Amino acid sequence: MFDFIFIIIIAFILALGSGLLYLIYLPLKNYLLKSNKLSQKQNKRINYAFILLPCLIGIIMYCMKDYRTPSKDRLEQSSDIQLPTDFTVLKDEYQNVWQHYSITYEIQLNNNSVEKLIKSIKTSKFYNKNSFHNGIWDDVYFIKVNSGKALWAKTPKGYDFSRGDGLTMYQIELDTLIGVLKYHECSD
């Protein structure tokens with residue numbers, strides 16, 4: 001819905017701006033036509049430019065807007081946790097090639113925030129207190145989710161999360177020793 005409203009607002013602003021420019025150009029156009037310095041063919045080209053240029057500008061503006069869900073929200077939704085409010089973003093990168101994309105999101109947490117996050121992980125529906133991850137994921141501990149499976153597991157350095165949902169993969173590493181959370185999402 002927001003996209004539609006955004007498009008209408010952009011179209012209105014561009015049409016208004018183009019109309020005002022055309023009104024300013026109108027007396028000059030009439031003078032040039034009367035003095036034969038402007039042919040009818042050139043006049044038609046200029047009229048088309050007043051129509052096509054705002055459309056082109058509108059398309060470029062629409063393409064430049066970032067419509068993706070923020071990385072923080074994606075992390076919380078995919079892993080069923082709530083991030084604490086006190087953290088510093090170290091990296092937030094998004095790369096895509098058509099339908100394939102990759103998101104890398106890293107945050108620095110203080111000790112208090114790490115404790116809050118651990119509590120959130122332990123209340124996640126994907127947390128399995130019996131699982132321990134040390135480089136190899138064991139399918140026995142994964143929890144079934146829609147078309148895939150997910151798991152929060154304890155590690156020697158903190159907690160890891162893995163989720164496969166169709167063609168999309170989610171990986172999270174929480175290093176409680178240094179207070180850094182690394183989130184990676186990719187789709188093939």
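Considering each of Leu167, Leu177 in turn, give the residue that is surrounded by fewer than 17 Cβ atoms within 10 Å (Cβ to Cβ), of a type outside the set (S, T, N, Q) and under 20 Å from Val89 (Cα atoms).
On inspection, the qualifying residue turns out to be Leu177.
For Tyr105, work out the one condition from (1) farther than 27 Å from Pro156 by Cβ; (2) of a type in the set (Phe, Trp, Tyr); (3) touching a residue at least 60 places away in the same chain (Cβ under 8 Å) it doesn't fulfil.
With respect to (1) farther than 27 Å from Pro156 by Cβ; (2) of a type in the set (Phe, Trp, Tyr); (3) touching a residue at least 60 places away in the same chain (Cβ under 8 Å), Tyr105 is out only on (1).
Among the residues of the stretch 122-133, how many are surrounded by 15 or more Cβ atoms within 10 Å (Cβ to Cβ) and not small (Gly, Ala, Ser)?
Counting residues in the stretch 122-133 that are surrounded by 15 or more Cβ atoms within 10 Å (Cβ to Cβ) and not small (Gly, Ala, Ser) gives 4.
Out of curiosity, is Lys149 surrounded by fewer than 11 Cβ atoms within 10 Å (Cβ to Cβ) and either part of a strand (DSSP E or B) or not assigned by TED's automatic domain parsing to the domain that holds Thr176 (or both)?
no
Does the stretch 38-49 contain at least one residue that is touching a residue at least 24 places away in the same chain (Cβ under 8 Å), assigned to a helix (DSSP H, G or I) and touching a Phe, Trp or Tyr at 6+ places or on another chain (Cβ under 8 Å)?
no
Would you point out the residue of the stretch 60-102, among those that are in contact (Cβ under 8 Å) with a residue 24 or more places away in the chain and aromatic (Phe, Trp, Tyr), that is surrounded by the most Cβ atoms within 10 Å (Cβ to Cβ)?
The qualifying residue surrounded by the most Cβ atoms within 10 Å (Cβ to Cβ) is Phe87.
So which residues in the stretch 44-59 are hydroxyl-bearing (Ser, Thr, Tyr) and surrounded by 11 or more Cβ atoms within 10 Å (Cβ to Cβ), if there are any at all?
Once the filter is applied, which keeps residues that are hydroxyl-bearing (Ser, Thr, Tyr) and surrounded by 11 or more Cβ atoms within 10 Å (Cβ to Cβ), the stretch 44-59 yields nothing.
Condition check: farther than 24 Å from Thr85 by Cβ and surrounded by fewer than 16 Cβ atoms within 10 Å (Cβ to Cβ). Does Ile136 satisfy that?
Criteria met by Ile136.
Being under 15 Å from Leu83 (Cβ atoms), in a helix (DSSP H, G or I), of a type outside the set (D, E, K, R) and touching a strand residue (DSSP E or B) at 6+ places or on another chain (Cβ under 6 Å) narrows it down to one residue among Ser113, Ser124, Ser120; which is it?
Step by step, each of Ser113, Ser124, Ser120 is checked, and only Ser113 is under 15 Å from Leu83 (Cβ atoms), in a helix (DSSP H, G or I), of a type outside the set (D, E, K, R) and touching a strand residue (DSSP E or B) at 6+ places or on another chain (Cβ under 6 Å).
The values are calculated or read from the model by the stated rules, or taken from the named source; none is laboratory data. Computed from a predicted model, the values in this text were never measured in an experiment. Positions of Cβ are backbone-derived with ideal geometry, glycine not excepted, and every protein chain shown enters the neighbour counts.
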